[in-house]
Amino acid sequence: MTDSVVLDPVDLHILRLLQNDARTTYRELATEVGVAPSTCLDRVTRLRRSGVILGHQLRLDPARLGRGLEALLSVQVRPHRRELIGPFVERIRALPESRALFHLTGPDDYLVHVAVADTADLQRLVLDEFTSRREVARVETRLIFQQWECGPLLPPSSAASGRSAETE
């Protein structure tokens, strides 16, 4: 497991702001957190180098791209062996319909978030790309009616971890 990085209240404030809008300029960040722009740049650079900030992503509206139906596919792989898992993961990640792939514990081995045009497209995807694979024992499909973004990801609070962290 990766060691966590010690973050002070200024780092946490910067992370919160960038997670809400990654396009925020260093000058705007510096003003908001109360430090000099050069200090803000140094802190963001340190957060990148330490692996806390992994990158920036662009969020797209799947419906506006012709993929208005989203679903979660619970997939059981049998036998669950490394030589089958690698190629399975590579194939699913390469599918244009795949949005996210999770390796799980429990009765299902994978959870795949997909975006497709409609139910016929979803059926084609499940039959042609999942159940046609010999290692796939079962696929269970759940349609997504609505999705919400949650708040910024921050370290556990000081009460939970025994470390000092900013609380609001």
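Entry note, segment 1-79: relative contact order of 19 percent, from Cα contacts under 8 Å with a spacing of 6+ residues. Working note: Debye formula, equal point scatterers on the alpha-carbon atoms of segment 79-143, no solvent; log10 I(q)/I(0) at q = 0.26 Å⁻¹ is -1.43.
Let me know the whole percent of all Cα-Cα pairs from segment 1-55 that are separated by more than 14 Å. Write out the running numbers ahead of the final one.
Working: 737 of 1485 pairs.
In whole percent, the long-distance tail amounts to 50.
Taking the chain as a Gaussian network of alpha-carbon nodes connected by springs under 10 Å, the highest mean-square fluctuation of the residues 143, 58, 104 belongs to 58. Estimated from helical segments only, the mean residue ellipticity of the chain at 222 nm is -10000 deg cm²/dmol, where each DSSP H run of four or more residues counts as -39500 (n - 2.57). Each Cα pair under 8 Å and six or more residues apart adds its sequence gap; the mean of these over the residue count of segment 12-168 is a relative contact order of 26 percent.
Here the Karplus relation 6.51 cos²θ - 1.76 cosθ + 1.60, evaluated at θ = phi - 60°, turns the backbone of segment 128-134 into coupling constants of 7, 10, 10, 5, 6, 7, 4 Hz, with x for every Gly and Pro. In the context of the full protein assembly, residue 61 retains an accessible surface of approximately 80 Å², using a probe radius of 1.4 Å and ignoring ligands and nucleic acids. Near the amide H of residue 137, within less than 5 Å, lie the amide hydrogens of 76, 77, 78, all on another chain or at least 5 residues away, with H placed in the peptide plane. A DSSP coil position with no more than 15 other Cβ atoms inside 10 Å describes the following trypsin sites (Lys or Arg not before Pro) in segment 72-166: 81, 134, 163. Based on every Cα atom in segment 1-114, Rg and the maximum pairwise Cα distance Dmax equal 19.5, 57 Å.
Rounded to whole numbers, the Karplus 3J(HN,Hα) couplings from phi for segment 148-153 are 10, 7, 9, x, x, 7 Hz, using 6.51 cos²θ - 1.76 cosθ + 1.60 with θ = phi - 60°, and x at Gly and Pro.
The values are calculated or read from the model by the stated rules, or taken from the named source; none is laboratory data. Please read these numbers as outputs of a predicted model, since none were measured by experiment. Positions of Cβ are backbone-derived with ideal geometry, glycine not excepted, and every protein chain shown enters the neighbour counts. With ligands, DNA and RNA removed, areas are computed over all heavy atoms of the protein, side chains included. Shrake-Rupley method; radii C 1.70, N 1.55, O 1.52, S 1.80 Å.
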